[in-house]
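Coordinate-derived values only; no laboratory data. In this text, all values refer to a predicted model and were calculated from it rather than measured experimentally. Using ideal geometry, Cβ is built from the backbone for each residue, glycine included, and neighbour counts are taken over all protein chains shown.
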Amino acid sequence: MKRKLEQLIFFILCFAMAATLSGCNGGKDPSAKTVGIVMPSKSIERWGRDGEYLRSLFTEEGYNVELRFSDDVLRQINDIQVLIADDVDILIVVPIDGGTLSRTLEDATIKNIPVISYDMLVLNTDAIDCYVSFDNYRVGALQGQYIVDALSPDETEDTFNIELVTGDPADNNARFFFGGAIDVLQPYIDSGKFIVPSGKTTFDQTATPGWSMDLAFKNMQNTLASYYSDGKRLDAVMCSNDGLGLGVLNAVQSDYLGGNTPVITGQDGDTAALQSIRDGKLSMTVYKDVRNEADVTVSVATAILEGKALDESLIGELPAECVFDTESYDNGVKKVPSFLLVPEVIDSDNVDSLLKNR
């Protein structure tokens, strides 16, 4: 009886050990290729949503997935190093700071691990095989055009006061957003139809480190105190993303002495921004359906792993509308082949339909 009990205990322990080992392996198929995904902080709604959706898509396609969220640059460098050491078959990276990863990604090149730069461009390295994002210049152009359409400067003798609030100088996309917006707004600034009382009209003057909502709030408070304290009318603020727009909105609500509601732009379609649009506060957001961006990324990654050429011929195989661009995105070392999706404007006219799908 004692021997049978010992045998039973032995088999239970063996079973538990096998289950533990299986759990450590995460249920991965050892024959499947492994995708390493590195995102910025999960606390930022956009990246938490993107990361989890990418993981689910790649898993459905039979890939193993190692997903890491990095709270700062040093952590991101370490996360990438770990994935390279794990011999992942392909890396998908959203850089926190586009200029800090070149040395780290040299190891990916040495190991022949292809790298997709996702949404934000990794700079100063030839390790990037391609870039998947939205047409970032068009994002800014849509924001600028929304302000023009809302104020209708061509239909009146009036002039309008506007301000510009742009993104993180370490994010290459921020310059494209600004470029698209300023190209629309600059003719009206030059003609005197749009006046910028603060005088801040360049990217460096209007940049917001870290895309910080709190910093956007404080900067707008200072702008209002310095240039609008006499009740001067503020007609519009071109903000490059939703966080900046909501920060500016908070400052306007607390410190603006004018009687009007300024046009305030955004980007990303964050839930808080959509609700603010519905409440008649934030004016608009440029929505980039991350599901489409993730779908395209999975298709492009599969093409790379199958040895297909990254060229115009892939466009017809992709699951969302894209353009293929080989000229616009120079990361300082190479012009990175880019698959660019088409964004859309969301405002009070169509926000309800988008909120229903959240």
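Descriptive notes on the structure:
- Total formal charge among the other residues, if their Cβ is under 11 angstrom from that of residue 166, Lys/Arg +1 and Asp/Glu -1: -2
- Counting other Cβ atoms within 10 Å as a rough exposure proxy, the listed residues 104, 166 run 104, 166 from fewest neighbours to most.
- Taking other C-beta atoms within 10 Å as the exposure proxy, 194, 203 rank 203, 194 from fewest upward.
- Based on C-alpha pairs under 8 angstrom that are at least 6 apart in sequence, segment 137-287 has a relative contact order of 26 percent.
- Theoretical ellipticity at 222 nm over the chain - DSSP helices of four or more residues, -39500 (n - 2.57) apiece, nearest 500: -14500 deg cm²/dmol
- Degrees separating the helix 213-227 axis from the principal Cα axis of the chain, which is the longest one: 10
- In whole percents, the pair-distance distribution calculated for segment 137-287 from its alpha-carbon pairs, binned every 5 Å from zero, is 2, 11, 21, 25, 23, 14, 4, 0.
- Helix axis angle, 242-255 relative to the chain longest principal axis, alpha carbon, degrees: 40
- Cβ-defined net charge surrounding residue 306, 15 Å radius [Lys, Arg +1; Asp, Glu -1]: -3
- Whether segment 166-235 is rounded, prolate or oblate, judged on the alpha carbon gyration tensor where a/c under 1.5 counts as rounded: oblate
- Between the helical axis of 290-305 and the longest alpha-carbon principal axis of the chain there is an angle of about 50 degrees.
- Pairs of Cα atoms farther than 19 Å apart, segment 57-109, %: 26
- Least to most buried among 288, 42 (fewest other Cβ within 10 Å first): 42, 288
- Rounded to the nearest 20 debye, the dipole magnitude of segment 137-287 is 180 debye, with +1 charges on Lys and Arg beta carbons, -1 on Asp and Glu beta carbons, and the Cα centre as origin.
- Sites excluded, GluC sites (Glu not before Pro) in DSSP loops with at most 13 other C-beta within 10 Å, longest stretch of the chain: 1-156
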